[in-house]
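Enquirer: Would you mind keeping the following structure in view while I ask a few things?
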Amino acid sequence: MPKIQVLVISIANPILIGIYKDYEIIQTIKLDGKTTEVLPLAFEEILKKHIIDEIYYVNGPGSYMAIKVAYVFLKSISIIKNIPLKACDGFEFNQNRPIKALGKKYFIKQDNNIVIQSIDSSMMLKEFELPKQLNINKFSDDSLPNYQLPAV
């Protein structure tokens, strides 16, 4: 029997949701708006059509509020429906390009460490993309948010 996986990338707009059957994408959902408003509505429709076997999401870095909302929402579904929740960082889905942080600062991944710094115009930004095939080896069972907040 085929298994259904869902991947959520909610750290930037548009929010991306991929529906996968046996790790091959079968549907792409792009949503503009706040995670708090669009994620529950999207999952209401997804759960009407599919029995989800696994949930994957991007746990950071990016919008603090989007990460927190996505985690609480997806973890709740995970617990209620007994579905595994796994996570990885957003650099897997934008070709390891900078991710917007605060103001003119960006998150950058260097040697598996995430740092915050200003970037010059020569550093190309890249929109997030859902992969055609879901590589579960990139994800961790540790699904806690990775906020990467700077020291206050």
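The values are calculated or read from the model by the stated rules, or taken from the named source; none is laboratory data. Here the structure is a predicted model, which is why all the values come from computation and not from measurement. Quick reminder, even Gly has a Cβ in these numbers, built from the backbone with ideal geometry, and neighbours come from all protein chains shown.
Enquirer: Which of the residues belonging to segment 72-102 are assigned to a loop (DSSP other than H, G, I, E, B) and among the hydrophobic types (A, V, I, L, M, F, W, C)?
Expert: ILE83, ALA101, LEU102
Enquirer: Can you pull out every residue in segment 83-115 that is under 19 Å from SER140 (Cβ atoms) and either exposed (fewer than 12 other Cβ atoms within 10 Å of the Cβ) or of a type in the set (Phe, Trp, Tyr) (or both)?
Expert: PHE91, PHE93, PHE107, ASP111, ASN112, ASN113
Enquirer: Does any residue of segment 58-71 turn out to be farther than 19 Å from ILE136 by Cβ, assigned to a strand (DSSP E or B), in contact (Cβ under 8 Å) with a residue 60 or more places away in the chain and within 14 Å of the chain's Cα centre (by Cα)?
Expert: no
Enquirer: Inspect all residues belonging to segment 120-127 and state whether any of them is modelled with pLDDT of 90 or more and either among the aliphatic types (A, V, I, L, M) or under 15 Å from the mean Cα position of the chain (by Cα) (or both).
Expert: Yes, segment 120-127 contains a residue that is modelled with pLDDT of 90 or more and either among the aliphatic types (A, V, I, L, M) or under 15 Å from the mean Cα position of the chain (by Cα) (or both).
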